[in-house]
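Presented below is the structure to which this report refers.
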There are 2 protein chains.
Amino acid sequence: MKNILIIGCGLLGSSLLRKIYKKKIAKKVFVYEKSKKNISKFKKLKLPGILVKRPEDAVMKSNLIIICAPMSEYKNIILKLNDSLTQKHFITDVGSSKLKSLIIIRKNLKKGVIWVPSHPIAGSEVSGPEHGKENLFKDRWCILIKEKRTKAKHIKFLSSFWKKIGSKIVTMNSEKHDKIFSITSHLPHLIAYNLVKSAQDFQKKQKFDLIKYSAGGLRDFSRIAASNEIMWRDIFFDNKQNVSKAIDLFIKNLIEFKKDINSKKNKSILKKLTQTKKVRTQIIRFKQDINKPDFGR
Amino acid sequence: MKNILIIGCGLLGSSLLRKIYKKKIAKKVFVYEKSKKNISKFKKLKLPGILVKRPEDAVMKSNLIIICAPMSEYKNIILKLNDSLTQKHFITDVGSSKLKSLIIIRKNLKKGVIWVPSHPIAGSEVSGPEHGKENLFKDRWCILIKEKRTKAKHIKFLSSFWKKIGSKIVTMNSEKHDKIFSITSHLPHLIAYNLVKSAQDFQKKQKFDLIKYSAGGLRDFSRIAASNEIMWRDIFFDNKQNVSKAIDLFIKNLIEFKKDINSKKNKSILKKLTQTKKVRTQIIRFKQDINKPDFGR
């Protein structure tokens, strides 16, 4: 690999930047960042990489372009890059929802330019380059989006890049991706936001000082509900059909749960409360979490 | 304090036991445990304390009795103890829901015996004496239930006990307690169980292998949803009116959220996603969590 251009230097972009320099994956890394706040953080942190004022300035000098900006920025970015792009460029992104962004890419990207989307399953409730770390992607899944017309050599190239970053690779199409992550990621975040909002509404109405007693459950949700709002708005909007279906399934189950509680259906409740434990066992077996109790921090 | 009797030696009971011996809060601690599995763990772990075959055997030798058993056992326990109880005994419990258990206590407990309920806000998704630890209650809130007729000297006595254990004390009545914890603890657990169940239903229907991609949110809920099923069934049943109202508020908000997503109401969504961050800030200020990002374990 010669040079890489990273567009968007927040948590993910700056983590990639750190790892690329650490492992010498590219000669040079150009970085475009829109936010003045993040630019000044970049300078203060003395991050490696060459800041550029306009993304198009670095396109000609780069082979691989990685978009780490919010998905609502994709169209603008594409329109800025198009003039400088050639068929030799390889583009990928790290967005969390895929079907909608592919439509935008197909509609706007200069014909013949390669864009194979990635989705590294890594992150946190914090954002910004100050929180990035070179091992953010280590041993995490990275989903590569393989559509009918995606060429094997392109998957191979992208796969090789992410393996150097430390990720484990899996490929699937955008439709399957968006369905899976509507359940494993998008719904959980929405639920966390909704739970915290409900607690706020309750506190306001009852005038109870309840937040300070949050150690029994609310605390863990509040962490998830502190995630970046632009990123999550974009995900909810872009994947709204699947998210909407996930909400419906969730509400249907919740209403059944409520009925069981109100009519004290012992057997049915115990079945629900024990079967969910199986998922926990699977998650630990798949090394998505460790088998160590959490007593709070 | 002379002697203490602990009834139920799981996570909470065994943690209390460890701390009482460590800080020499009582001369002797008698322990009654119903489950054979926990009794053999108790012996294997060489926990301090004197195992008794029937709880009533140790009542006469004890001043303070602490019930750490599931709330559905309270009535049975009371009926067993009644004959041996005198007006000199002081009873407390560590149950997570209070109004319903107070009704059972008032109806069944021998007249004149003192029972002031406690609710230490401490625990984890694991249960059993092998997970207990002496500092489980350190710097955690312990709610003491003070009803109209509760005597100040009894609150003082119980408060002094929990302070020795390391807890911070707050008093409130059972009605307020059950309302607050329906939102900060019972609803979050129910939501976590319901989310994991929805993921299971989805996996079954779609035949997608989704659990292994759970690092993006589902993972954290699965931990909460691995909590003890008997304890949580009892909480949901005992506090069903408040839990039911909490579910209604949650569903109302979730339907609004869904509408905002489907009609892409930018302003309304961003307001929801940013306001919830304030709760996070409060939780950290109240020292209910630390201000350190969580990248998974």
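Need the failing condition index for A:SER182 against (1) on the phi > 0 side of the Ramachandran plot; (2) in contact with a helix residue (DSSP H, G or I) (Cβ under 7 Å, 6 or more places away or on another chain), just the number.
In the conditions (1) on the phi > 0 side of the Ramachandran plot; (2) in contact with a helix residue (DSSP H, G or I) (Cβ under 7 Å, 6 or more places away or on another chain), A:SER182 misses (1) alone.
So is B:LYS163 among the charged types (D, E, K, R), part of a helix (DSSP H, G or I) and in contact with a strand residue (DSSP E or B) (Cβ under 8 Å, 6 or more places away or on another chain) or not?
Yes, satisfied.
With the structure loaded, tell me whether B:SER118 is assigned by TED's automatic domain parsing to the domain that holds B:ILE67, in contact with a Ser or Thr (Cβ under 7 Å, 6 or more places away or on another chain) and not basic (Lys, Arg) or whether it fails that test.
So B:SER118 fits the description; yes.
Working only within region A:185-231, note down all residues that are of a type in the set (Gly, Ala, Ser) and within 24 Å of A:ALA69 (Cα to Cα). Walk me through it before giving the result.
Step one: list which residues in region A:185-231 are of a type in the set (Gly, Ala, Ser), which gives A:185, A:192, A:198-199, A:214-217, A:222, A:225-227.
Scanning region A:185-231 gives A:SER185, A:ALA192, A:ALA225, A:ALA226, A:SER227.
Quick one: A:SER160 ticks every box in (1) surrounded by fewer than 16 Cβ atoms within 10 Å (Cβ to Cβ); (2) at the interface with another protein chain (Cβ under 10 Å from one of its Cβ atoms) bar one, so which box is it?
(2)
Going through A:ILE155, A:ILE165, A:ILE143 one at a time, which residue ends up being in the same structural domain as A:LYS75 (by TED's automatic domain parsing) and closer than 30 Å to B:PHE257 by Cα?
A:ILE143
Quick one: in region A:199-215, which of the residues that are among the charged types (D, E, K, R) and not in a helix (DSSP H, G or I) is farthest from the other protein chains (Cβ to nearest Cβ)? Lay out the reasoning, then the answer.
Taking region A:199-215 and keeping what is among the charged types (D, E, K, R), we get A:201, A:204-205, A:207, A:209, A:212.
Adding the requirement that they be not in a helix (DSSP H, G or I) leaves A:207, A:209.
Working: A:LYS207: 11, A:ASP209: 9 Å.
So, considering only residues that are among the charged types (D, E, K, R) and not in a helix (DSSP H, G or I), the one farthest from the other protein chains (Cβ to nearest Cβ) is A:LYS207.
Residues in region B:226-244: is at least one closer than 16 Å to A:PRO188 by Cβ and within 9 Å of another protein chain (Cβ to nearest Cβ)?
Yes, there is a match, as at least one residue in region B:226-244 is closer than 16 Å to A:PRO188 by Cβ and within 9 Å of another protein chain (Cβ to nearest Cβ).
Is it fair to say A:SER222 is on the phi < 0 side of the Ramachandran plot, among the small types (Gly, Ala, Ser) and at pLDDT 95 or above?
Values: on the phi < 0 side of the Ramachandran plot: yes; among the small types (Gly, Ala, Ser): yes; at pLDDT 95 or above: no.
No: the conditions fail for A:SER222.
Mind checking whether some residue in region A:145-157 is closer than 28 Å to B:SER222 by Cα and touching a strand residue (DSSP E or B) at 6+ places or on another chain (Cβ under 8 Å)?
Let us first name the residues in region A:145-157 that are closer than 28 Å to B:SER222 by Cα, namely A:145.
Retained after the next criterion (residues that are touching a strand residue (DSSP E or B) at 6+ places or on another chain (Cβ under 8 Å)): A:145.
Looking for residues that are closer than 28 Å to B:SER222 by Cα and touching a strand residue (DSSP E or B) at 6+ places or on another chain (Cβ under 8 Å), one finds at least one in region A:145-157, hence yes.
Quick check on region B:178-198: of everything there that is touching a Ser or Thr at 6+ places or on another chain (Cβ under 8 Å) and touching a residue at least 40 places away in the same chain (Cβ under 8 Å), which residue is nearest to the other protein chains (Cβ to nearest Cβ)? Show your work before the answer.
Residues of region B:178-198 that are touching a Ser or Thr at 6+ places or on another chain (Cβ under 8 Å), as a first pass: B:178, B:181, B:183-187, B:189, B:192-193, B:196-197.
Then keep just the ones that are touching a residue at least 40 places away in the same chain (Cβ under 8 Å); that gives B:178, B:181, B:183, B:185-187, B:189.
Details: B:ASP178: 11, B:PHE181: 7, B:ILE183: 5, B:SER185: 3, B:HIS186: 8, B:LEU187: 7, B:HIS189: 5 Å.
Selected residue: B:SER185.
Yes or no: region B:25-33 includes at least one residue that is within 20 Å of B:GLU229 (Cα to Cα) and either at pLDDT below 95 or surrounded by 17 or more Cβ atoms within 10 Å (Cβ to Cβ) (or both). Write out each step before concluding.
Keep residues of region B:25-33 that are within 20 Å of B:GLU229 (Cα to Cα), which gives B:33.
Remaining after also requiring either at pLDDT below 95 or surrounded by 17 or more Cβ atoms within 10 Å (Cβ to Cβ) (or both): B:33.
Within region B:25-33, one or more residues are within 20 Å of B:GLU229 (Cα to Cα) and either at pLDDT below 95 or surrounded by 17 or more Cβ atoms within 10 Å (Cβ to Cβ) (or both).
Give region A:166-196 a look and list any residue that's part of a loop (DSSP other than H, G, I, E, B), touching a strand residue (DSSP E or B) at 6+ places or on another chain (Cβ under 8 Å) and surrounded by fewer than 19 Cβ atoms within 10 Å (Cβ to Cβ), or say none. Full working, then the answer.
Restricting attention to region A:166-196, the residues satisfying the condition of being part of a loop (DSSP other than H, G, I, E, B) are A:166-167, A:173.
From the residues that got through so far, the ones that are touching a strand residue (DSSP E or B) at 6+ places or on another chain (Cβ under 8 Å) too are A:167, A:173.
If the condition is that a residue be part of a loop (DSSP other than H, G, I, E, B), touching a strand residue (DSSP E or B) at 6+ places or on another chain (Cβ under 8 Å) and surrounded by fewer than 19 Cβ atoms within 10 Å (Cβ to Cβ), then A:ASN173 is the only one that fits.
The values are calculated or read from the model by the stated rules, or taken from the named source; none is laboratory data. All values reported here derive from a predicted model rather than from experimental measurement. In this analysis, Cβ positions are derived from the backbone assuming ideal geometry, glycine residues included, and neighbour counts consider all displayed protein chains.
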